[in-house]
Amino acid sequence: MKIYNTMDRKVEDFVPIKEKCVSMYCCGPTVYNFAHIGNLRTYIFEDILRRTFEKYGYKVRHVMNITDVGHLTGDGDDGEDKMEKASRESGKSVYDIASFYTDAFFLDEKRLNIKRPSVVCKATDHIAQMIEIIKGLEEGGHTYIAGGNVYFSIDTIDDYGKLAKLNLDELKSGARIEVDSNKRNPKDFVLWFTNSKFKDQVMQWDSPWGRGYPGWHIECSAMSMKYLGPHFDIHCGGIDAIPVHHTNEIAQSEAYTGNKPWVNYWMHGEFLLNDKGKMSKSSGEFLTLSLLLEKGYDALDYRYFCLTGHYRSQLKFSFEALDMARSARLALVEKTRELLDSRNDSAVLSSSALEYKSAFDDAMNNDLHTPQALASIWKMLKDPGVADAEKLALIYYADDILALSLKDVKKEAERIGSDEDYALLEERSQAKKMKDYQKADQIRAALLERGFIVKDTPAGSILVKA
């Protein structure tokens, strides 16, 4: 398997530390708001990565953090704490906000068929591990205290900025007056705040340096090493994390462990764009998965849309493009349904079918090239030289990675409603899980207007003709 390593800026053969095992850490959400669909594109890419490894026989240990301490609205040490800001604006406690948006995030992931990580770890549960690393960095001479805060000194290491290819001389010569005058170097960063500008910070803990809270870079180092050890295979995230967050993670982690590299492969997903450029929460204009569902789309329409672009290429979102993805996905569902009568689990693939299987595998093993993989499936479905049973077998084979729920497609006789009816039924089930009973009742009423009664059974909700 070949993957693109951001550190070396090239596609490389993947060689695991431990044979046929993958240790993978993915930066998780900061749970102060809903994830927007640009955020979710990154998690879909990471899910495809995991599923591809598992499909080809690897055992994957996938760790993801939940940033419930909050971090500043700026990528550095400036700006306002996101959790505190959300608390002030909503009137809810920071802990209630974190819990609500964590549940909402995992609901989005479930709708998108994203596998839950092997380990989900909250920053607030790992303060002790963060303090331990900071103490180690202090003993190694990598920190200083100024203005009551503990800083990491980048001048104590010789390769700061290697991931982002930063030119430190240029950065120093071009640096403007720093917001934080306590820094010895403009690129130094806070490991522990005891004297921030937020006097009434809710989330604070005792530490050797005084009562305070951690800088936001240290949490990923602490939790990744706790669950994956001081040296692991892959670290994933969005491309926007490269210049500051991941750069600082590497600096503090390698200074602490002495391991170079701390991580063998760095993988980053590109931006999702809209008409105004990169989609972000800071702009105040962003789309959520729930909004797409309200507009009548299925979550898997968006997953299919993401699969049409390579994860390292910018992808421009529009509702026209989403409509095309929806049409293609539904056509794939319908084609799968047409092939159900031909199912033959013991069928041996012909040489023609094996060529398509090989084309799919080659695409996925070539740095997760999902557009080529999809193209191979569509070409196979149109080939009269491939038997129907083989076509169905190859669809099921591909769906282990693509995760478009094609294996769940039923014959028309087994369904009494349309895909949209069943999408509404699933949306109602999720609303009930989120305790949004008003929305659940509205969907029940909408389904009744469409001619169906919803019956809740121990095995789940079903549709019955009214």
Using the Karplus curve 6.51 cos²θ - 1.76 cosθ + 1.60 with θ = phi - 60°, work out ³J(HN,Hα) for each residue of region 323-331 in order, rounded to whole Hz, and write x for Gly and Pro. 4, 5, 5, 4, 4, 5, 5, 5, 5
Of 443-456, 150-163, ordering from highest average Cβ density within 10 Å down gives 150-163, 443-456
Full extension between Arg9 and Leu340 adds, at 0.36 nm per residue less the Cα distance, a length in nm of 114.8 nm
Expected vector for region 11-28, Karplus 3J(HN,Hα) from phi with 6.51, -1.76, 1.60 and θ = phi - 60°, integer Hz, x for Gly and Pro, equals 7, 10, 5, 7, 10, x, 5, 10, 3, 6, 10, 10, 9, 9, 10, 10, 5, x
Straight-line reach from Lys18: which lysines have Cα under 26 Å away, leaving out those fewer than 8 places along the same chain? Lys2, Lys10, Lys55, Lys59, Lys115, Lys162, Lys226, Lys260
Working from Cα positions, state the angle (0 to 90°, nearest 10) between the long axis of helix 437-449 and the longest principal axis of the chain. 20 degrees
State the Cα centre-to-centre distance between region 146-167 and region 390-466 in whole Å. 51 Å
For the chain, the per residue accessible area (1.4 Å probe, Å²) is 45 Å²
Helix-derived [θ] at 222 nm for the chain: sum -39500 (n - 2.57) over DSSP H runs of at least 4, divide by residue count, nearest 500? -13000 deg cm²/dmol
Carbon and sulfur: what percent of the chain's accessible surface (1.4 Å probe)? 49 percent
To the nearest 10 degrees, how steep is helix 247-257 against the longest Cα principal axis of the chain, on a 0 to 90 scale? 70 degrees
For a quick protection proxy, order the peptides 353-364, 239-250 by their average other-Cβ count within 10 Å, most packed first. 239-250, 353-364
Report, to the nearest 10°, how far helix 419-433 tilts away from the longest principal axis of the Cα atoms in the chain, using its own Cα long axis and a range of 0 to 90°. 40 degrees
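The values are calculated or read from the model by the stated rules, or taken from the named source; none is laboratory data. Just so it is clear, the structure is predicted and the values come from calculations on it, not from any experiment. Neighbour counts run over all protein chains shown; Cβ positions are idealised from the backbone, glycine included. When the accessible area is computed, the model is the full protein with side chains, heavy atoms only, and any ligands, DNA or RNA have been set aside. Shrake-Rupley method; radii C 1.70, N 1.55, O 1.52, S 1.80 Å.
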